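Some notes on the structure that comes next.
The values are calculated or read from the model by the stated rules, or taken from the named source; none is laboratory data. Since we're looking at a predicted model, the values are computed, not measured. So basically every Cβ, Gly included, is an ideal-geometry build from the backbone, and we count neighbours across all protein chains shown. With ligands, DNA and RNA removed, areas are computed over all heavy atoms of the protein, side chains included. Shrake-Rupley method; radii C 1.70, N 1.55, O 1.52, S 1.80 Å.
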Amino acid sequence: MNDHFTGFALYDLDKQQMVYELNDDKYYNPASNTKLFTFYTSLCMLGDSIPALQYVTRGDSLIFWATGDPSFLHSDLKATRALNFLKNSKKQLYFSSGRYTGNFYGSGWPWSDYNDYYQAEINELPLEDNVALLYAGTDGKLKIKPAYLTDYLRRDSTYRPKAFNVQRNFLDNHFTYPAMPVPKNFKQEIPWKTSPSLTLAMLQDTLKRFVDEVHQPLPPDAKTIYNANADSVYRRFLQPSDNFIAEQLLLVCSSVKFKVLNKDSVINYATKNLLNDLPDKPEWADGSGLSRYNLFTPRSIVKLLCKIQAKVNNDALLHSMMPIGGVAGTIKNAYKTDNGVPFVWAKTGSIANNHNQSGYLVTRKGRRLAFSFMNNNFTRPTSEIRGEMVRIMTFIRENF
């Protein structure tokens, strides 16, 4: 740990005192540890279910507004209550768009990663994770899901990658693939280019009915349709470190608090009102941690972990939502369980040259600890940094 910047804070949850501190007052790029800030903000601002749509009825019309709900038609969460509400309505449907006032990417995101699965665009009414699945069909041809995007596939004999893969145009939804056989088990996820017109077209294709577009302010008498259980969304968000859900949750918080969809408003509100007792003011730029503008100190993250624990007020539930060492999520393969019993529950954070872990640990003697272990600006393989972190945390488990 001597060839890069390392910060570490270890806190005893029962004695409510710091056990060990190393550079814990210095700022580090947290990467996906940022999601802990999004998690706590969501815990404070949302209820036990995620609001999906808001609507009013006017005569024979049903006008609805989006909330940014990531669970709407999500591939894993499969929340369908809002979808069925629209599908079963006997009224003419009108989608009032324009509620989202931000950009399709967060501040400080690497635009060159636009073709990678983890960088889905942000919008007010996401559908199916805003990510297309490219795969080999049983007929040996390249397929795409949602099928609505099939017309956007382009075979190009001049595109000659070393291995079969698909490249989306940066500015539009033309998916280019090479003139070579599609590997039998080929799968690739690529975010699509969002737009109000594409959202409306895909929604109509899913509902199998016409939806018109309007632009109206949200009225005070609008009702809310709730979709997925919040705990299930948080689990799906934290364990695989889902950037898409992270960003959309901030929009949902904004829809509840400010009646518009603006993540900066939520971040500013949370920083001033929910996180004003942290030792060091967070430099917080996005919901997921893709941005290198994010900067937090280890001791502030430990304080945040204490606040999360108090808010959830149920260690078993909290641990079930976090990545679980040796069991689930991004630390499943990093740690070994102790005869099948996990002892660490922690959020990872990784971008190039940075790797962090922050979470909870229970020692053999039953001591409940919170920790934040941050490593920035290393040039060695991440696996070496991860291995040393695991060795140290396992040592603490066995000896304290």
ask   = Does any residue of segment 306-316 turn out to be in contact with a Lys or Arg (Cβ under 7 Å, 6 or more places away or on another chain) and more than 24 Å from residue 119 (Cα to Cα)?
value = no
inquiry  = Residues that are surrounded by fewer than 16 Cβ atoms within 10 Å (Cβ to Cβ) and closer than 24 Å to residue 18 by Cα: does segment 329-340 have at least one?
reply    = no
key: Scan of segment 16-43 for residues that are touching a Cys at 6+ places or on another chain (Cβ under 7 Å) and either of a type in the set (A, V, I, L, M) or modelled with pLDDT under 95 (or both), ordered by number   = none
Residue in segment 124-168 that is surrounded by the most Cβ atoms within 10 Å (Cβ to Cβ), counting only those that are among the basic types (Lys, Arg) and over 30 Å from residue 51 (Cα atoms) = 168
Boolean, residue 325 is open to solvent by less than 40 Å² (accessible area, probe 1.4 Å), at pLDDT 95 or above and touching a Lys or Arg at 6+ places or on another chain (Cβ under 8 Å) = yes
note = Selection over segment 357-391 where residues are more than 28 Å from the chain's Cα centre (by Cα) and of a type outside the set (D, E, K, R) yields a count of 2
2 or more residues surrounded by fewer than 24 Cβ atoms within 10 Å (Cβ to Cβ), within 18 Å of the chain's Cα centre (by Cα) and small (Gly, Ala, Ser): qualifying helices (runs of 4 or more DSSP H) within segment 224-273 = 230-238
query = Given the conditions (1) closer than 18 Å to residue 296 by Cβ; (2) open to solvent by less than 70 Å² (accessible area, probe 1.4 Å); (3) of a type in the set (S, T, N, Q), which single one is not true for residue 377?
reply = (2)
Among (1) of a type outside the set (S, T, N, Q); (2) over 13 Å from residue 37 (Cα atoms); (3) open to solvent by less than 30 Å² (accessible area, probe 1.4 Å) - the single one residue 289 does not satisfy = (2)
task = With the condition kept exactly as written, say whether any residue in segment 99-112 is open to solvent by 50 Å² or more (accessible area, probe 1.4 Å) and more than 30 Å from residue 293 (Cβ to Cβ).
result = no
query = For residue 96, all conditions in the list (1) surrounded by fewer than 16 Cβ atoms within 10 Å (Cβ to Cβ); (2) more than 25 Å from residue 293 (Cβ to Cβ); (3) among the polar types (S, T, N, Q) hold save one; what is the number of the exception?
reply = (1)
query = Residues in segment 55-78 that are under 18 Å from residue 244 (Cβ atoms), in contact with a strand residue (DSSP E or B) (Cβ under 7 Å, 6 or more places away or on another chain) and open to solvent by 10 Å² or more (accessible area, probe 1.4 Å): how many?
reply = 1
request  = Look at residue 125 and say whether it is farther than 21 Å from residue 236 by Cβ and modelled with pLDDT of 95 or more.
outcome  = no
ask   = In segment 388-400, is there at least one residue being aromatic (Phe, Trp, Tyr), open to solvent by 10 Å² or more (accessible area, probe 1.4 Å), in contact (Cβ under 8 Å) with a residue 12 or more places away in the chain and out of contact with any His (no Cβ under 8 Å at 6 or more places or on another chain)?
value = yes
key: Looking only at segment 274-284, and only at residues there that are surrounded by fewer than 21 Cβ atoms within 10 Å (Cβ to Cβ) and either among the polar types (S, T, N, Q) or touching a strand residue (DSSP E or B) at 6+ places or on another chain (Cβ under 9 Å) (or both), the one that is nearest to residue 66 (Cα to Cα)   = 283
inquiry  = Can you pull out every residue in segment 301-329 that is over 20 Å from residue 253 (Cβ atoms), part of a helix (DSSP H, G or I) and of a type in the set (Gly, Ala, Ser)?
reply    = 316, 320, 329
message = All but one of (1) open to solvent by 20 Å² or more (accessible area, probe 1.4 Å); (2) part of a loop (DSSP other than H, G, I, E, B) hold for residue 188; state the number of the condition that does not hold.
response = (2)
